[in-house]
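Worksheet: the structure to be examined is printed underneath.
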Amino acid sequence: MITDFQCNMVYLSSSLRRESPKTYASLVSALEKHGAEYRFLDNTHDIWCRDYMPVQVAEDTFCGFDYDPDYLHESKELLATRTDGNMVCHDLGLEVKQPATPLIIDGGNIIKCPDKVIMTEKVFCENKNIPRNKVIAILEQLFECSIVFLPWDKSETYGH
């Protein structure tokens, strides 16, 4: 598993500059100060790239998923922010590995460790039509490691 600190590129939503100019300026300044390489992702509707972009598990292996969490369906405005990370990767020329059975996953619910992934149990609520043991098997195959599940604090809507 490639952990976040091992990644060599920071991707930012192209809408960050418009949606949050102060955050954009401070983030770009910090990245440049530390010599971190960054790029902007076009065709995004949400600044939170981590939620919808595929997960890097090896140098050239990116695992995709369906980003369609329940909280986006609370209003038309929120649903309009949905970004298809797989399409963004296609535009970048990155090949994305997909599970045979599509899972709804919120990437903000994924913490990558060297030998495992930590997620909240919200992933089971998002995929309630798939048996729990099958969701676990799909996740383990997709991320090529074991998964540790934490209880979902339902006062935190997003399950992060």
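Computed quantities for the displayed model
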quantity: Cβ-Cβ under 7 Å pairs, at least 6 apart or on other chains, segment 101-120 side free of Cβ contacts under 8 Å to residues at least 12 places away in the same chain, far side assigned to a strand (DSSP E or B); calculated: 111/117; 111/118
quantity: Residue pairs meeting the criteria (Cβ under 7 Å; at least 6 apart or on separate chains; first touching a residue at least 40 places away in the same chain (Cβ under 8 Å), in segment 44-58; second open to solvent by less than 20 Å² (accessible area, probe 1.4 Å) and of a type in the set (Val, Ile, Thr)); calculated: 44/83; 44/88; 52/83; 53/88; 55/110
quantity: Filter result for residue 103 (open to solvent by less than 60 Å² (accessible area, probe 1.4 Å) and either in contact with a strand residue (DSSP E or B) (Cβ under 9 Å, 6 or more places away or on another chain) or of a type in the set (Val, Ile, Thr) (or both)); calculated: yes
quantity: Unmet requirement for residue 32, which otherwise passes all of (1) among the acidic types (Asp, Glu); (2) within 16 Å of residue 92 (Cα to Cα); (3) at pLDDT 90 or above; calculated: (2)
quantity: Residue in segment 140-148 that is at pLDDT below 95, within 15 Å of residue 103 (Cβ to Cβ) and of a type in the set (A, V, I, L, M, F, W, C) present; calculated: yes
quantity: Residue ID - farthest from residue 58 (Cα to Cα), chosen from residues in segment 106-124 that are open to solvent by less than 20 Å² (accessible area, probe 1.4 Å), of a type outside the set (S, T, N, Q) and outside any strand (DSSP E or B); calculated: 122
quantity: Checklist (1) touching a Leu at 6+ places or on another chain (Cβ under 7 Å); (2) closer than 13 Å to residue 12 by Cα; (3) among the hydrophobic types (A, V, I, L, M, F, W, C) applied to residue 72, failing item; calculated: (2)
quantity: Restricting segment 1-29 to residues that are without any contact (Cβ under 8 Å) to a residue 60 or more places away in the chain and in a loop (DSSP other than H, G, I, E, B), the residue that is farthest from the chain's Cα centre (by Cα); calculated: 20
quantity: Whichever residue in segment 125-159 is among the hydrophobic types (A, V, I, L, M, F, W, C), in contact with a strand residue (DSSP E or B) (Cβ under 8 Å, 6 or more places away or on another chain) and not in a loop (DSSP other than H, G, I, E, B) and, among such residues, is surrounded by the fewest Cβ atoms within 10 Å (Cβ to Cβ); calculated: 148
quantity: Inter-residue pairs, beta-carbon under 8 Å, first acidic (Asp, Glu) and in segment 137-158, second open to solvent by 50 Å² or more (accessible area, probe 1.4 Å), 6+ apart; calculated: 140/146
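Here is a yes/no grid of residues against (1) in contact with a strand residue (DSSP E or B) (Cβ under 7 Å, 6 or more places away or on another chain); (2) in a strand (DSSP E or B); (3) open to solvent by 70 Å² or more (accessible area, probe 1.4 Å); (4) on the phi < 0 side of the Ramachandran plot:
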site: 31; (1), (2), (3), (4): yes, no, no, yes
site: 45; (1), (2), (3), (4): no, no, yes, yes
site: 50; (1), (2), (3), (4): no, no, yes, yes
site: 78; (1), (2), (3), (4): no, no, no, yes
site: 87; (1), (2), (3), (4): no, no, yes, yes
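The values are calculated or read from the model by the stated rules, or taken from the named source; none is laboratory data. Just so we're clear, the structure is a prediction, and the values are computed from it rather than from any experiment. Quick reminder, even Gly has a Cβ in these numbers, built from the backbone with ideal geometry, and neighbours come from all protein chains shown. Heavy atoms of the whole protein, side chains included, go into the accessibility calculation; ligands, DNA and RNA do not. Shrake-Rupley method; radii C 1.70, N 1.55, O 1.52, S 1.80 Å.
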